[in-house]
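Have a look at the structure below, then the notes.
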Amino acid sequence: MTQILDGKELSVQIKTEIANHVRQLTAKGHRAPHLAAVIVGNDGASQTYVANKEKSSREVGFTSSVYRYPESTTEEQLLEAIAFLNNDTDIDGFIVQLPLPSQINEQHIINAISPDKDVDGFTPINVGRMVLSEECYVPATPMGVCTLLQRYGIETTGKHCVVVGRSNIVGTPVANLLSRKGFDCTVTLCHSRTRDLASITRQADILIAAIGKPEFFTADMIKPDAVVVDVGIHRIPDATKKSGYRIIGDVKHSEVDPLCSWVTPVPGGVGPLTIVSLLQNTLKAYHRTHPNCD
Ligand code: GUN
């Protein structure tokens, strides 16, 4: 029988744990952790993501601030904003929501973020530390995938995990994390140039679907009893919804779900855990500068 890796329910549980912790801190007279977000332009999906991050921050008792800049912002102007956030001791961690407008080089911006405040785990220093299994900030989506597998007690040791998609934000770090000691998966990382993808995904005990194509993974690509983690988030126009759209993933759930031992729904799977990971990283950043508060 297929069981659900319920990211929504797990996120509520972890957020309650964080909120209790923050309550204890503030009861002792310490300030609350502070997460800031920078958003440039008017991209609809980015606005939603940042609004959700702000809402979740407030729910757990964090201070939250959002710095909004117009679409026409230059790289120099954004670098100035980053320098300000790097130096503001009231802010524990911050993210720069991606994508950025085309006149701004994303890597230049990421490189300017202080690794100590890089709660997205995107800077070269944090990526390097992660690969070396050193103390670091792990990117939020891969961390969310790991949390779901861990908290649901999914057996990973020696399992064949196939990751499809090699983005810097999801596929590459997930492949790294699940091959490490602790998870001990045998990992295959597939991408757009992989030949006969279905023959590889059919060997997956654990499939991480992060290709970025709506309902790409169909029943013929799945090994019976596989664990399927769907990282995709796509907005599809839907006139029957108040919002005018509905969210679907990279997996065709109507046909894949009955084959799985465990599966993440979309929405309500990896997505809620991504935000929770960001909150966990912010708490870690807070404790870096407040070493004697537990
Ligand atoms: N855009 C899509 N996902 C992310 C994320 O995890 N962090 C940031 N900063 N931007 C994103």
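Bear in mind that the values in this text are calculations on the coordinates, not laboratory data. Treat the numbers as computed from the prediction; the structure is a model and nothing was measured. All Cβ positions, glycine included, derive from the backbone under ideal geometry; neighbour counts span all protein chains shown.
Please give me, ordered by residue number, the chymotrypsin sites (Phe, Trp or Tyr not before Pro) of region 1-102 that lie in loop per DSSP and have at most 11 other Cβ atoms within 10 Å.
Of the chymotrypsin sites (Phe, Trp or Tyr not before Pro), not one in the loops of region 1-102 has a Cβ with at most 11 other Cβ atoms within 10 Å.
Using alpha carbons only, what's the Rg to Rh ratio of region 170-269 with Rh from Kirkwood?
Working: Rg = 14.2 Å, Rh = 14.3 Å.
With Rg and the Kirkwood Rh in hand, the quotient comes to 1.00.
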Starting at 0 and stepping by 5 Å, how many percent of the alpha carbon pairs of the chain end up in each bin?
1, 5, 11, 15, 18, 16, 14, 10, 6, 2, 1, 0
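Take the alpha carbon atoms of region 93-227, find their radius of gyration, then divide it by 2.2 N^0.38 Å using N residues; give the quotient.
Details: Rg = 15.9 Å, N = 135, 2.2 N^0.38 = 14.2 Å.
It is 1.12.
Given R₀ = 22 Å, what would the calculated FRET efficiency be for Asn168 paired with Asn42, taking r from the Cβ atoms and rounding to 0.05? It would help to have the intermediate numbers written out before the result.
Values: r = 24 Å, r/R0 = 1.10.
The computed FRET efficiency comes out at 0.35.
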3J(HN,Hα) from dihedral phi, region 19-29, Karplus parametrisation 6.51/-1.76/1.60, rounded to Hz, x for glycine, proline:
4, 4, 5, 5, 4, 5, 4, 6, 5, 8, x
The set of residues whose placed amide H lies less than 5 Å from the amide H of Val187, leaving out same-chain residues fewer than 5 positions away, is Cys161
log₁₀ of I(q)/I(0) at q = 0.09, 0.14, 0.20 Å⁻¹ - region 1-159, Debye sum with one point per alpha carbon:
-0.35, -0.84, -1.40
Counting C-alpha atoms alone, how compact is region 139-195: give Rg to one decimal and Dmax as a whole number, in angstrom.
11.0, 34
Between the Cα axis of helix 44-59 and the main Cα principal axis of the chain, the angle (0 to 90°, nearest 10) is 70 degrees
In Å and whole numbers, how far do the C-alpha atoms of region 1-87 stretch along each principal axis, longest first?
49, 45, 15
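Here is the link list: Lys53/Lys252; Lys8/Lys117; Lys159/Lys223; Lys8/Lys53; Lys213/Lys284. Which ones come out longer than 23 Å on Cα distance? Provide the component values of the computation, followed by the final result.
Working: Lys53/Lys252 27 Å; Lys8/Lys117 27 Å; Lys159/Lys223 13 Å; Lys8/Lys53 14 Å; Lys213/Lys284 33 Å.
Cα-Cα > 23 Å for Lys53/Lys252; Lys8/Lys117; Lys213/Lys284; rest within.
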Report the paramagnetic label zone for Gln77: residues of region 89-125 whose backbone N is under 17 Å from a point 7 Å from Cα along the Cα-to-Cβ axis.
97, 100-106, 109
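Remind me, relative contact order of the chain in percent, using alpha carbon pairs under 8 angstrom and six or more residues apart? If you can, show how the numbers build up before the last one.
On the way: 556 pairs, mean separation 62.3, N = 294.
Taking the mean separation of contacting Cα pairs over the length of the chain, I get 21 percent.
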Protection proxy ranking of 271-284, 13-26 - average other beta-carbon atoms within 10 Å, highest first
271-284, 13-26
Once amide hydrogens are built 1.01 Å from N within the peptide plane, the residues lying 5 or more places from Arg246 or on another chain with amide H under 5 Å from its amide H are Ile236, Asp238
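Between rounded, prolate and oblate, where does region 5-54 land on the alpha carbon gyration tensor, with a ≥ b ≥ c its root eigenvalues, rounded for a/c under 1.5, else prolate if a/b exceeds b/c?
It is oblate, given that a/c is not under 1.5 and a/b is not larger than b/c.
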Modelled FRET efficiency - R0 25 Å, Asp184 with Arg288, Cβ distances, 0.05 increments
0.30
Given backbone amide H placed at 1.01 Å from N, residues whose amide H is under 5 Å from that of Val38, ignoring those fewer than 5 places away on the same chain, are Tyr67, Ile95, Val96, Gln97
Region 275-289 - phi-based ³J(HN,Hα) in whole Hz, Karplus 6.51/-1.76/1.60, Gly and Pro as x:
5, 4, 4, 5, 5, 5, 5, 5, 4, 5, 5, 4, 5, 5, 9
Which of Val162, Ala27, Ser102 sits closest to the plus end of the dipole of the chain, meaning its Cα is farthest towards the positive end, when Lys and Arg get +1 and Asp and Glu get -1 on the C-beta?
Ala27
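Going by C-beta contacts inside 10 Å, put Thr201, Thr48 in order with the fewest on the left. Intermediate values should be presented prior to the final figure.
Values: Thr201 23, Thr48 13.
So the ranking, lowest neighbour count to highest, is Thr48, Thr201.
Can you tell me the mean projection area, over all orientations, of the convex hull of region 27-70's alpha carbons? Units nm², please.
Averaged projected area of region 27-70's Cα convex hull equals 3.1 nm².
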